[in-house]
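> Handing you a structure now.
The values are calculated or read from the model by the stated rules, or taken from the named source; none is laboratory data. Every value quoted in this text rests on a predicted model; they were computed, and no experiment measured them. As a convention, Cβ positions derive from the backbone with ideal geometry for all residues, glycine included, and neighbour counts pool all protein chains shown.
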Amino acid sequence: MNNHYILLKINTMSKNIQLAIFGSGNGTNAQRIAEHFSKINDIDINCIIYNKKDAYIAQRAKNLGITAQYFNRKDFFESDNVLRFLQDRGVDYIILAGFLLLVPENLLKAFPNKIVNIHPALLPNYGGKGMYGERVHEAVIAHHEKESGITIHVVDNHYDKGTTLFQAKCEISDTDTPDTLAQKIHKLEHQYFPIVIEKFVRGEYQ
């Protein structure tokens, strides 16, 4: 057996890092993440999982040629259906992109420190149960904050409490509304989330 054959065998046995995206809504972040990793040779978007039947993220997955699978609340919290699906597909990391459920204990145990979320505010402020989407921006504006931003963090068994990996900020002007603030936040999300995910799964946040 020559060295060339040994190298070829190792390369064919190597496995790309497999990511699953969880979402509940429109899926713009999921699409941006998928577009980013379509240019990366050793990291794949394995599948997109969604928990609302009418969520547009399913259509985005179809448009992108990514496997999409719907699971209801019982699948997440009263069975191992989601876990078995992920394990059968060889998923390594879970990325929450607009996913509104608390991650169940069986997934946290199966993917310890391998689940990442993005929150549309500067945690620890404006986080916790019920604080998502427009509710966050409305609260930030109502409290006359001068800045907001995004927080990308590891997921644990509490809403928005896991270890922070990265934050980015934007200024809030006196004329900003929840809608205009949301636009600023979306720009930050699309700019930074894919990059931070890549660094995280490559072990650069150890």
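> Considering only residues that are within 25 Å of PHE200 (Cβ to Cβ) and assigned to a helix (DSSP H, G or I), look in region 42-68 and name the one that is nearest to the chain's Cα centre (by Cα).
ILE57
> Considering region 146-174 alone, what residues qualify as being surrounded by 17 or more Cβ atoms within 10 Å (Cβ to Cβ) and either at pLDDT below 95 or among the acidic types (Asp, Glu) (or both)?
If the condition is that a residue be surrounded by 17 or more Cβ atoms within 10 Å (Cβ to Cβ) and either at pLDDT below 95 or among the acidic types (Asp, Glu) (or both), then TYR159, ASP160, GLY162 are the ones that fit.
> Can you find even one residue in region 117-139 that is buried (at least 19 other Cβ atoms within 10 Å of the Cβ), within 23 Å of LEU19 (Cα to Cα) and touching a residue at least 60 places away in the same chain (Cβ under 8 Å)?
Checked against the condition, which is being buried (at least 19 other Cβ atoms within 10 Å of the Cβ), within 23 Å of LEU19 (Cα to Cα) and touching a residue at least 60 places away in the same chain (Cβ under 8 Å), region 117-139 yields at least one hit.
> Yes or no: ILE141 of a type in the set (A, V, I, L, M) and part of a helix (DSSP H, G or I)? Reasoning before the result, please.
Numbers: of a type in the set (A, V, I, L, M): yes; part of a helix (DSSP H, G or I): yes.
Yes: the conditions hold for ILE141.
> Which of the residues that make up region 102-123 are out of contact with any strand residue (DSSP E or B) (no Cβ under 8 Å at 6 or more places or on another chain) and of a type in the set (A, V, I, L, M, F, W, C)?
LEU102, ALA110, listed by residue number.
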